[in-house]
Structure formats: structure tokens, C-alpha cells
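Report on one structure; see the data block that follows.
The values are calculated or read from the model by the stated rules, or taken from the named source; none is laboratory data. In this text, all values refer to a predicted model and were calculated from it rather than measured experimentally. In this analysis, Cβ positions are derived from the backbone assuming ideal geometry, glycine residues included, and neighbour counts consider all displayed protein chains.
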Amino acid sequence: MKNSISLLILAFLFLTGASYSQEWETFEATEYNVKISLPPNWKTSTGSQDGIPYLEGISADETMSLFIFVYKDASISTQELLNNAVNDLGIALEGESAQENLNGMDAWVASATGVIEGAEIDMFIAAATYDENNYVAYVFTAAANAQKNVATMNKIIDSLAPLK
């Protein structure tokens, strides 16, 4: 009996350890000098919308999404970049936005809620500048999934970094 319990505990530790030990993957866009870390098995791609390049990703379980838009406008401040992003989506910030050094980039970060295409969402936003590039990164989930996804979303937004 003692051996059976020990084997069950060992099996539990092995199985749960395996699920947490998977390495995150780095999604790099050399043409925009940016990278971000994502959990395993995210689908990623790049594209352009109205002439603005973007990187996008969706989680394997399709409960989280990521968009990073890349702008080249030296005349805009990082805080203005964040404010424009919030206004463009028509979302509401939760609390105050904060300026920080995000992996060597000047950044303003915030959490927000809103309705996009009829769906209630929770998101993290980072507006960052580095060299000639301005980045706006959104990581979002349906409001119903926010509690289970918030830690992962925060880790993703905190991983935004320049390649150099």
C-alpha cells in the first residue's frame, strides 16, 4: 500500500512537473527589432493593416490573443502612444497607467477592459519606444477567462523586448 501511494505521488509530481516545465518560445521579428516570449504552441504570424505592420498570436486553447503594432513616428511620446491606443479601441483603463523600463525600452503599461466586436474583454497594453520603432502590444482574453489567464498575460506583456 505504501509503495502504491508513493508511486501515485511520484506520478503526480512527474505529470504536473511536465506540464509546467515546458519552455516558452520566443517570437522574433527581426525587421521590427522586437521579440516577445509566448507559451508553447501559440500560433503566430505577421501582417499589415492600413499600412501598419503587426505581429499576432493566439494561444493553443484560443482563449488569449496578442497583437503588436509597429509604428515609426518619432514625434509622438510613449504616453501619447498608449493614450491613442486606448482611444482607438474605445476601452477603459483599470486604474492608472505606469511608465517603466520594459527590457530596455521606455514604456507605458496598463490594464484595461472593454467590449470589442460585442465581446467583453480584459487586456494588458504596453506602448513602448526603442530606437526608431514605436510598439503597441495588446494581450487580451474574454472577461470570463480573465482570472485563469491574467498571470500568463502579464508574463507575456512583460517579455516584450528589443532584439538588440
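Residue-level check: of (1) closer than 27 Å to Leu102 by Cα; (2) modelled with pLDDT of 50 or more; (3) loosely packed, with under 15 Cβ neighbours inside 10 Å, Tyr20 misses just (2). Residues considered: Gly114, Gly57. Of these, the only one that is small (Gly, Ala, Ser) and surrounded by fewer than 19 Cβ atoms within 10 Å (Cβ to Cβ) is Gly114.
Here Asp73 passes the criteria (1) farther than 18 Å from Ile52 by Cβ; (2) outside any strand (DSSP E or B) except the one numbered (1).
Every residue, every condition in (1) more than 23 Å from Glu23 (Cα to Cα); (2) among the small types (Gly, Ala, Ser); (3) without any contact (Cβ under 8 Å) to a residue 24 or more places away in the chain; (4) touching a Ser or Thr at 6+ places or on another chain (Cβ under 8 Å), yes or no:
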{"position": "Thr44", "(1), (2), (3), (4)": "no, no, yes, no"}
{"position": "Ser48", "(1), (2), (3), (4)": "yes, yes, yes, no"}
{"position": "Gln79", "(1), (2), (3), (4)": "yes, no, no, yes"}
{"position": "Leu82", "(1), (2), (3), (4)": "yes, no, no, yes"}
{"position": "Leu89", "(1), (2), (3), (4)": "yes, no, no, no"}
{"position": "Ala92", "(1), (2), (3), (4)": "yes, yes, yes, yes"}
{"position": "Met123", "(1), (2), (3), (4)": "yes, no, no, yes"}
{"position": "Asn133", "(1), (2), (3), (4)": "yes, no, no, no"}
{"position": "Ala142", "(1), (2), (3), (4)": "yes, yes, no, yes"}
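Among the residues in segment 95-106, are any touching a helix residue (DSSP H, G or I) at 6+ places or on another chain (Cβ under 7 Å), among the hydroxyl-bearing types (Ser, Thr, Tyr), closer than 21 Å to Asp158 by Cβ and at pLDDT 90 or above? Yes, the conditions are met somewhere in segment 95-106.
When segment 27-52 is filtered for residues that are surrounded by 14 or more Cβ atoms within 10 Å (Cβ to Cβ), among the hydrophobic types (A, V, I, L, M, F, W, C) and in contact with a Phe, Trp or Tyr (Cβ under 7 Å, 6 or more places away or on another chain), the ones remaining, listed by number, are Val34, Ile36, Leu38.
Consider segment 143-164 and keep the residues that are within 25 Å of Ile52 (Cα to Cα) and over 14 Å from the mean Cα position of the chain (by Cα). The one that is surrounded by the most Cβ atoms within 10 Å (Cβ to Cβ) is Pro162. Among the numbered conditions (1) within 23 Å of Tyr32 (Cα to Cα); (2) hydrophobic (A, V, I, L, M, F, W, C); (3) assigned to a strand (DSSP E or B), the only one that Val115 does not meet is (1).
At least 1 residues being of a type in the set (Asp, Glu) is the threshold, and among the strands (runs of 3 or more DSSP E) wholly inside segment 19-64 those reaching it are 25-29, 52-58.
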